[in-house]
Amino acid sequence: MTDLDVVARVVLPLDGDLDVLPLYVDGRHVQEPVVDEDVPVVSLPSDQHPDQVVGRRAYRLAEGMGASFGTWLNAFPASYWRRWTGVREVVLRLRTTGDGVLMVYRSSARGATARVTSRTLAGTSHHEVRLPLDTFADGGWYWFDLVAGSGGLVLDEADWAVPVPDRTALRPSGTTIGITTFDRPASCAALLAQLGAADELADVLDEVVVVDQGTRTVVDDPGFPEAQVRLGDRLRVIRQPNLGGSGGFSRAMLETLDAGRSEHVLLLDDDVVCEPEGIARAVAFSRHCLRPTVVGGHMFSMHERSVLHAVAEVVRPWQFRWAPAAASVHDHDLARRTLRATPWLHRRLHADYTGWWMCLVPTSVLRDVGLSLPFFIKWDDAEFGLRASAAGHPTVSLPGAAVWHVPWTDKDDSTDWQAYFHARNRIVAALLHSRYDRGGRLVRESLLVSGKHVLAMQYGAAALRTRALRDVLRGPEGMHAELGSTLGEVRALRGRYPDSLVRPDVDDFEPVRPRRRRKRDPDPTQPVGRVATLVAGAAGLVHQTTPVPPGAHEAPEQEVAAADAGWWSLARMDSALVATADGGGLSWLRRSRRDAARATAEAVDVHRELLARWPELASRYRGALPELAGQDAWRRTLGMDRR
């Protein structure tokens, strides 16, 4: 007899948050059912309410109300299961109380919707609907809608299950969660408590390993005792020096391998809010994959919680930079345009990698391709995904698995000390994986980025990028040895430049003093198209050749919002107070002809040398890759070889 393996439970949020409810259930597009005429159905309201959530898996509908579970977190991503697993049928199972109608729908890769079946519900009903996966080659979902009849209807529970002829053929479900934390004790403790309280993880979670690299430790947070009680002996906190995300996650990987009891390690950021059911779904999907597969979760915005910030990420090979997967976009608001109303969300999206805000990695993949590169932060997840793919282990960004996280658009990580790691690690990853001679467009694009920083009076960021490329030119040999010291050197270098000083209030600076009469303020709109960009760049370059007014270093010329602080607008200013992306402070940018000339000359020289030496460097880095990502090197770096 064929068994059924539950791979996704229909779940609901319990916190009453109207922002996230549309991710779970929606009533705006429920279609009028055409079924048994004896079931009374009236017109459908347009909204759902948190009071209708009567449990983690239960939902109440008053007479005549309808609800659709064709949502991002409760519909079944049929095309992903069709492509990456051997499963060819899914079974929708429901238990309801009351009268009403069940309708099951499917979609195509174009987002076209078709009703599959409908059934009458009466009293206490148990239903199983068997649904084939044979027509979902490049996209499509399954979902169900409910409409309440007289007396109302309650969905008691529902799940999606797949037939399993032989459970022993499945990979084990055991998972270790690895969390790297640095000075976010409250967020980390809250995440641990959430994991400990999740019933969905009871049969999945072996251990939570927290690698604490901060000065404010999670064990000292007031919320930690509750988390410790909930997780019990499944929680282990390890203290180590700050070696960045790559050092923390590599430690979690090694601890998982050494323990030898988990089939997977799940990497989680310390400042996320997770959907525990998504973790269980990722594990279930991985167990059924035809080959060991890296399974990632999407990122919802922590600030706008219905906004799907990142769905599936790729590395564009010619530019060798991050980008959303083809057909997808960043920052899609599912409260405004639901899954069913967004055709591109019905396509199966390809991913080169998944961010380590949530990433499930089979331990067999670690044994095959190694651990993270010693990158500290930035590009470690992308490089790992490319390396795993080259070894035959794909990455799947799985719908229904997600976390809420602060989006990178709300950070200044391209201009603060992190600019060094952005530049260095991108170049190293390209030396390892670029398909093109001398990196395609990468070196030219990198030089343009440095030039934009110069035009924007961000001389500290330009200097960090130059330092980054010089370190690349030195070769891979010192990357492990310098992992713990580079951050301090980078911060010290950036501290030499005025743009590094961030103060919380505008009153911490001299009052803004305009020095030129303007008929209109500079247009902050980003130029569109090559011609407009070249014109803006030329205007900025011309401005750099003019003398700097004496008063520009005495007081800011004007105050600029973070959203308006593009290089194209800053390039025509002499002095500006610019807000940080997170709104936490301001920095005073001041034009300097000397700093601009020096930064430009250094950037040109280092990029010229990189281009000339590309073949030699690519050979060296590729030859060193097994050592850089190997367990032995990481054990030495982490001090684990002295146990």
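No value in this document is a laboratory result; all are computed from the given coordinates. Just so you know, these numbers come straight off a predicted model, no measurement behind them. For neighbour counting, all protein chains shown are included, and Cβ atoms are generated from backbone atoms with ideal geometry for every residue, glycine included.
Between residue 240 and residue 641, full extension at 0.36 nm per residue minus the direct alpha carbon distance yields a gain of 143.0 nm. Full extension of the chain between residue 199 and residue 593 yields a length gain of 135.7 nm, computed as 0.36 nm times the residue separation minus the alpha carbon distance. Looking only at the chain, where both bridge partners belong to it, what percent of the DSSP beta bridges are antiparallel (to the nearest 5)? Around 75 percent antiparallel, to the nearest 5.
For the chain, a crude dipole built from +1 on the beta carbon of Lys and Arg and -1 on the beta carbon of Asp and Glu, taken about the Cα centre, is about 2880 debye to the nearest 20. Ordering 390-396, 611-617, 291-297 by mean Cβ neighbour count within 10 Å, with the highest value first, yields 291-297, 390-396, 611-617. Each residue of region 430-441 was assigned a 3J(HN,Hα) from its phi angle through the Karplus expression (A = 6.51, B = -1.76, C = 1.60, θ = phi - 60°), giving 5, 4, 7, 10, 5, 7, 10, 4, 6, x, x, 8 Hz with x at Gly and Pro. For every other residue with a beta carbon closer than 10 angstrom to the beta carbon of residue 104, add +1 if it is Lys or Arg and -1 if Asp or Glu, then tell me the sum. With Lys, Arg at +1 and Asp, Glu at -1, the neighbours total +2. Using a cutoff of 8 angstrom between alpha carbon atoms and counting only pairs six or more residues apart, the relative contact order for region 176-253 works out to 43 percent.
Sparse packing (at most 13 other Cβ atoms within 10 Å of the Cβ) combined with a DSSP loop state is found for the following trypsin sites (Lys or Arg not before Pro) in region 423-527: 435, 474, 496, 516, 517, 518, 519, 520.
With a simple spin-label model that places each label point 7 Å from the Cα along the Cα-to-Cβ direction, the separation between residue 5 and residue 261 comes to 2.2 nm. Note that region 494-501 has calculated 3J(HN,Hα) couplings of 5, x, 6, 10, x, 5, 7, 7 Hz, one per residue in order, obtained from phi through the Karplus relation 6.51 cos²θ - 1.76 cosθ + 1.60 (θ = phi - 60°); glycine and proline are x.
Only Cα pairs under 8 Å and 6+ residues apart enter the sum, and on that basis the relative contact order of the chain stands at 12 percent.
Along the axis of the charge dipole computed for the chain (Cβ charges of +1 for Lys and Arg, -1 for Asp and Glu, origin at the Cα centre), the listed residues 298, 107, 418 are led at the positive end by 418. The amide H of residue 331, built 1.01 Å from its N in the peptide plane, has 309, 310 as neighbours under 5 Å, considering only residues 5 or more places off or on other chains. When the Cα positions of 146, 55, 164 are compared along the charge dipole of region 3-166, 164 comes out farthest toward the positive end, with charges on each C-beta of Lys, Arg, Asp and Glu. Note on residue 562 and residue 612: the extension gain reaches 14.3 nm, defined as 0.36 nm multiplied by sequence separation minus the Cα-Cα distance. Working ranking of peptides 171-179, 547-555 by packing, defined as the average number of other Cβ atoms within 10 Å per residue, highest first, is 171-179, 547-555. Please work out the FRET efficiency for the pair residue 49 and residue 137, using the Cβ-Cβ distance as r and a Förster radius of 30 Å; give the result to the nearest 0.05. E between residue 49 and residue 137, to the nearest 0.05, is 0.20.
Residue 127 to residue 63: FRET efficiency via 1/(1 + (r/R0)^6), r the Cβ-Cβ distance, R0 22 Å, to the nearest 0.05? It comes to 0.60.
Spatial offset of region 413-432 relative to region 64-109 amounts to 42 Å, using the alpha carbon center of each.
Nearest 5 percent is fine: what portion of the DSSP beta bridges confined to region 418-596 is antiparallel? Before the final figure, lay out the partial values.
On the way: 7 of 10 bridges.
So the antiparallel bridges amount to about 70 percent of the total.
D by Stokes-Einstein for region 197-318, Kirkwood Rh over Cα pairs, 4 °C, 1.567 mPa s: 79 µm²/s. Taking Cβ atoms as reference points and 13 Å as the exclusive limit, the residues near residue 441 contribute a net charge of +4, counting Lys and Arg as +1 and Asp and Glu as -1.
What shape does region 176-268 have by the C-alpha gyration tensor, where a ≥ b ≥ c are the square roots of the eigenvalues, rounded means a/c under 1.5, and otherwise prolate means a/b greater than b/c and oblate the rest? In terms of gyration-tensor shape, oblate.
Select from region 223-323 those GluC sites (Glu not before Pro) which occupy a DSSP coil region and have at most 15 other Cβ atoms within 10 Å, ordered by residue number. Taking region 223-323 and a limit of 15 other Cβ atoms within 10 Å, the loop GluC sites (Glu not before Pro) found are 304. Working note: Karplus 6.51/-1.76/1.60 with θ = phi - 60° gives region 192-197 the couplings 4, 5, 5, 5, x, 8 Hz, where Gly and Pro are set to x. Of the chymotrypsin sites (Phe, Trp or Tyr not before Pro) found in region 347-444, the ones in coil according to DSSP and having at most 14 other Cβ atoms within 10 Å of their Cβ are 436.
Using a Förster radius of 45 Å, what is the FRET efficiency between residue 220 and residue 167 based on their Cβ-Cβ separation? Nearest 0.05, please. Calculated value: 0.55.
Seen through its C-alpha gyration tensor, with square-root eigenvalues sorted a ≥ b ≥ c, region 3-166 comes out prolate because a/c lies at 1.5 or above while a/b is bigger than b/c. Helix-only arithmetic for the chain: the sum of -39500 (n - 2.57) across DSSP H runs with n ≥ 4, divided by the residue total, places the mean residue ellipticity at 222 nm at -9500 deg cm²/dmol.
Within the set of other residues whose C-beta is less than 9 Å from the C-beta of residue 319, count the net charge using Lys and Arg as +1 and Asp and Glu as -1. Once positives and negatives cancel, what remains is +2. Applying D = kT/(6 pi eta Rh) to region 418-596, where Rh is the Kirkwood radius over alpha-carbon pairs, T corresponds to 37 °C and eta to 0.692 mPa s, the Stokes-Einstein value obtained is 185 µm²/s. From the Cα gyration tensor of region 421-474, with a ≥ b ≥ c the square roots of its eigenvalues, which class applies: rounded if a/c is under 1.5, or else prolate if a/b is larger than b/c, or else oblate? Oblate, because a/c is 1.5 or more while a/b does not exceed b/c.
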